[in-house]
């Protein structure tokens, strides 16, 4: 299993972005969480097969129709950090 943290920048709050991520993550068989950050970004932490994480990254770059994604940053996520067994929004 691979893990990744994504920071999504742009118009990504108040547009259903976390629910979009939850649906995509569940469809891809990933576990993790998506949450709004105080600076207006959305943080996504996910775990699953590497190919599914790559697909999630493509989905994040696209976003829901009401969003405008300017940039997605991807980084490694430590295995010590607990993630839920399914995909949640926070």
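No lab work stands behind these numbers, since they all come straight from the coordinates. Computed from a predicted structure; not experimentally measured. For neighbour counting, all protein chains shown are included, and Cβ atoms are generated from backbone atoms with ideal geometry for every residue, glycine included.
Please go through the stretch 60-71 and give me each residue that is crowded, with 19+ Cβ neighbours inside 10 Å and closer than 12 Å to residue 6 by Cβ, ordered by number. If the condition is that a residue be crowded, with 19+ Cβ neighbours inside 10 Å and closer than 12 Å to residue 6 by Cβ, then 60, 63 are the ones that fit.
Mind listing just one residue for me: the one in the stretch 72-90 that is surrounded by fewer than 12 Cβ atoms within 10 Å (Cβ to Cβ) and touching a strand residue (DSSP E or B) at 6+ places or on another chain (Cβ under 6 Å) and, of those, farthest from residue 29 (Cα to Cα)?
If we filter the stretch 72-90 for residues that are surrounded by fewer than 12 Cβ atoms within 10 Å (Cβ to Cβ), which is where we start, we get 73, 75-76, 78-82, 85, 90.
This time we only want the ones that are touching a strand residue (DSSP E or B) at 6+ places or on another chain (Cβ under 6 Å), so: 73, 75, 85, 90.
Values: 73: 21, 75: 20, 85: 10, 90: 19 Å.
It comes out as 73.
Among the criteria (1) in a helix (DSSP H, G or I); (2) in contact with a helix residue (DSSP H, G or I) (Cβ under 8 Å, 6 or more places away or on another chain); (3) farther than 20 Å from residue 10 by Cβ, the one residue 60 does not fulfil is (3). Just a yes or no: is a residue in the stretch 48-58 over 18 Å from residue 86 (Cα atoms), in contact (Cβ under 8 Å) with a residue 24 or more places away in the chain, touching a strand residue (DSSP E or B) at 6+ places or on another chain (Cβ under 9 Å) and surrounded by 14 or more Cβ atoms within 10 Å (Cβ to Cβ)? So far as the stretch 48-58 goes, no, none of its residues is over 18 Å from residue 86 (Cα atoms), in contact (Cβ under 8 Å) with a residue 24 or more places away in the chain, touching a strand residue (DSSP E or B) at 6+ places or on another chain (Cβ under 9 Å) and surrounded by 14 or more Cβ atoms within 10 Å (Cβ to Cβ).
Considering each residue of the stretch 34-47, count those that are on the phi > 0 side of the Ramachandran plot and without any contact (Cβ under 8 Å) to a residue 24 or more places away in the chain, and give that number. Can you show your working first?
Restricting attention to the stretch 34-47, the residues satisfying the condition of being on the phi > 0 side of the Ramachandran plot are 40.
Adding the requirement that they be without any contact (Cβ under 8 Å) to a residue 24 or more places away in the chain leaves none.
Qualifying residue count for the region: 0.
Does the stretch 19-40 hold any residues that are surrounded by 21 or more Cβ atoms within 10 Å (Cβ to Cβ) and over 15 Å from residue 84 (Cα atoms), and which are they? Correct list: 20, 24.
Scanning the stretch 1-30 for residues that are more than 10 Å from the chain's Cα centre (by Cα) and assigned to a strand (DSSP E or B) yields 2, 3, 9, 10, 11.
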